[in-house]
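This report refers to the structure that appears directly beneath it.
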Amino acid sequence: QVQLVESGGGLVQAGGSLRLSCAASGRTFSNYAMGWFRQAPGKEREFVAAISWGGSNTYYADSVKGRLTISRDNANNMLYLQMNSLKPEDTAVYYCAAALGAYSEPAQYLYWGQGTQVTVSS
């Protein structure tokens with residue numbers, strides 16, 4: 001089992017920045033690729049970004065490329081999502097998740113956090 005706890009969400013104005021964190025415990029964090037997903041009210045959960053187990057490969061949804069950056073610190077079992085130039089359409093609950101590969105499909109992920117709310121006002 002891997003336990004994941006997100007933090008860092010909040011309310012921010014359009015154009016602002018936030019950094020989300022995901023603390024992992026349990027099985028060896030560095031054995032897993034990690035992803036960020038988000039879910040807005042009335043919508044399906046969607047892929048945001050993923051990172052390989054070593055951190056050398058990253059992948060992004062087209063809608064966030066150039067604005068959001070995923071990173072990880074395996075020494076401290078932490079995953080991050082730096083969010084810049086935020087837009088109202090980024091408003092959602094953000095989830096971190098662990099998988100055996102850096103996939104974009106939520107069904108491929110084995111472990112999930114409880115989510116953190118990000119609200120971007122216009």
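Odds and ends about this structure:
- Residue count, segment 30-60 (criterion: surrounded by 14 or more Cβ atoms within 10 Å (Cβ to Cβ) and within 14 Å of Tyr109 (Cα to Cα)): 16
- Any hit, segment 61-82, residues being of a type in the set (Phe, Trp, Tyr), surrounded by 14 or more Cβ atoms within 10 Å (Cβ to Cβ) and touching an Asp or Glu at 6+ places or on another chain (Cβ under 7 Å): no
- If you filter segment 10-29 down to residues that are under 26 Å from Ser122 (Cβ atoms) and touching a Gly at 6+ places or on another chain (Cβ under 8 Å), you find that the one that is most open to solvent (accessible area, probe 1.4 Å) is Arg19.
- Complete set of residues in segment 5-52 that are β-branched (Val, Ile, Thr) and at pLDDT below 95: Thr28
The values are calculated or read from the model by the stated rules, or taken from the named source; none is laboratory data. All values derive from a computational prediction rather than experimental measurement. Positions of Cβ are backbone-derived with ideal geometry, glycine not excepted, and every protein chain shown enters the neighbour counts. Note: areas computed on protein heavy atoms with side chains; ligands, DNA, RNA excluded. Shrake-Rupley method; radii C 1.70, N 1.55, O 1.52, S 1.80 Å.
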